[in-house]
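Undergrad: A single structure is presented below for examination.
The values are calculated or read from the model by the stated rules, or taken from the named source; none is laboratory data. Note that the structure is predicted; figures quoted are calculated from it, not measured. Here the Cβ is made from the backbone with ideal geometry for all residues, glycine too, and neighbour counts use every protein chain on show.
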Ligand code: AHG
Ligand code: MN
Ligand code: MN
């Protein structure tokens, strides 16, 4: 696996050494093909007048930007057309999406966040697509069932993300390390640029929306305050938060650091609530970060051990360098 190897060659190697089977290879190549179109449209968004909002709202009541829906449609159409999944679930769709007839024989179920960082679409800040792939539990030959969707993150067979930034990258794992590829838009081909990514055990960066400080538990407040102390070895850390989880995660994965979206106080008598979604934000990034030597927790549980109750389950997310996550847990446990 040499630097500069094409993604296709890398995937064929992975297929011949048994890391991925033909069905997973087809599914990943479908995602790659769609990512090239999304990347192209993200880069032209300002020109092609597809900026702005559709005026619609998604299942979470959030305003949907046109590129979200476009990316969502591209992914759903591609998967149905190729038949590479027996079912899929998207941030933008309230219910799971049935496969095409062709897809019912597929082994795989796909979750995706078609465009993560929507608030940054029209201000030229990096955004991304996150995906998570499971093997179905139910018999092949039918559409996916609820038990196919409600699996722990430890059951993922592959996960990763595309980040549309100064360059477009794919970072993915199929359980055999984390590998990063950079797109050459002129060739519509990805090339291996970050082989076997390992995240530093400790960083000097923390990423969180400090506007939410008053909604955090006291342990989180004390932890973040401790990162700013100047009388402690290795502190203060730098604050870096762009508001696109994929972009903040990717920077911390490569350079080390911790991303926090803690659960928030919802007012008297109401349960605390996380913002990010377990199945298509928390779990895929947890698989990537653990494969790279990092950790992902909700403050009490390992993210990938959480048994989901529903496909849009929200979760508190503390993710990144293992020593930093460990230090956070010491403040909240
Ligand atoms: P999405 O655009 O897919 O809804 O995700 C947005 C998420 C995540 O990307 C980011 O880290 C977080 O929302 C930012 O939330 P705040 O604006 O509340 O900080
Ligand atoms: Mn998102
Ligand atoms: Mn999104």
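Undergrad: Determine, yes or no, whether residue 116 is modelled with pLDDT of 95 or more and either buried (at least 24 other Cβ atoms within 10 Å of the Cβ) or not assigned by TED's automatic domain parsing to the domain that holds residue 62 (or both).
TA: It is true that residue 116 is modelled with pLDDT of 95 or more and either buried (at least 24 other Cβ atoms within 10 Å of the Cβ) or not assigned by TED's automatic domain parsing to the domain that holds residue 62 (or both).
Undergrad: Another question about this same structure. Within the stretch 53-64, is there a residue that is within 14 Å of ligand 2 (Cβ to nearest atom) and surrounded by 15 or more Cβ atoms within 10 Å (Cβ to Cβ)?
TA: Scanning the stretch 53-64 turns up at least one residue that is within 14 Å of ligand 2 (Cβ to nearest atom) and surrounded by 15 or more Cβ atoms within 10 Å (Cβ to Cβ).
Undergrad: Being within 12 Å of ligand 2 (Cβ to nearest atom) and more than 20 Å from residue 33 (Cα to Cα) narrows it down to one of 105, 90, 119, so name that one.
TA: 119
Condition check ((1) surrounded by fewer than 16 Cβ atoms within 10 Å (Cβ to Cβ); (2) in contact with a helix residue (DSSP H, G or I) (Cβ under 9 Å, 6 or more places away or on another chain); (3) more than 27 Å from residue 109 (Cα to Cα); (4) assigned by TED's automatic domain parsing to the domain that holds residue 288) across all residues:
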| position | (1), (2), (3), (4) |
| --- | --- |
| 153 | no, yes, no, no |
| 157 | no, yes, no, no |
| 162 | no, yes, no, no |
| 170 | no, yes, no, no |
| 176 | yes, yes, no, no |
| 186 | yes, no, yes, no |
| 190 | no, yes, no, no |
| 211 | yes, no, yes, yes |
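Undergrad: Let me ask something else about it. I'm checking my understanding of the structure. Among residues of the stretch 272-304 that are out of contact with any strand residue (DSSP E or B) (no Cβ under 6 Å at 6 or more places or on another chain) and under 12 Å from residue 321 (Cα atoms), which one is farthest from ligand 3 (Cβ to nearest atom)?
TA: 293
Undergrad: Which one of 121, 97 is within 14 Å of ligand 3 (Cβ to nearest atom) and either more than 18 Å from the chain's Cα centre (by Cα) or within 27 Å of residue 43 (Cβ to Cβ) (or both)?
TA: The conditions single out 121.
Undergrad: Quick test of your reading of the structure: residue 102 fulfils all but one of (1) within 10 Å of ligand 1 (Cβ to nearest atom); (2) free of Cβ contacts under 8 Å to residues at least 40 places away in the same chain. Name the failing condition by number.
TA: Condition (1) is where residue 102 drops out.
Undergrad: Consider the stretch 238-251. How many of its residues are touching a helix residue (DSSP H, G or I) at 6+ places or on another chain (Cβ under 9 Å) and either surrounded by 23 or more Cβ atoms within 10 Å (Cβ to Cβ) or modelled with pLDDT under 95 (or both)?
TA: 5
Here's the yes/no breakdown for (1) modelled with pLDDT of 95 or more; (2) under 19 Å from the mean Cα position of the chain (by Cα); (3) farther than 21 Å from residue 172 by Cβ:
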{"site": "186", "(1), (2), (3)": "no, no, yes"}
{"site": "192", "(1), (2), (3)": "yes, no, no"}
{"site": "200", "(1), (2), (3)": "yes, no, no"}
{"site": "204", "(1), (2), (3)": "yes, no, yes"}
{"site": "207", "(1), (2), (3)": "yes, yes, yes"}
{"site": "213", "(1), (2), (3)": "yes, no, yes"}
{"site": "221", "(1), (2), (3)": "yes, no, yes"}
{"site": "229", "(1), (2), (3)": "no, no, yes"}
{"site": "233", "(1), (2), (3)": "no, no, yes"}
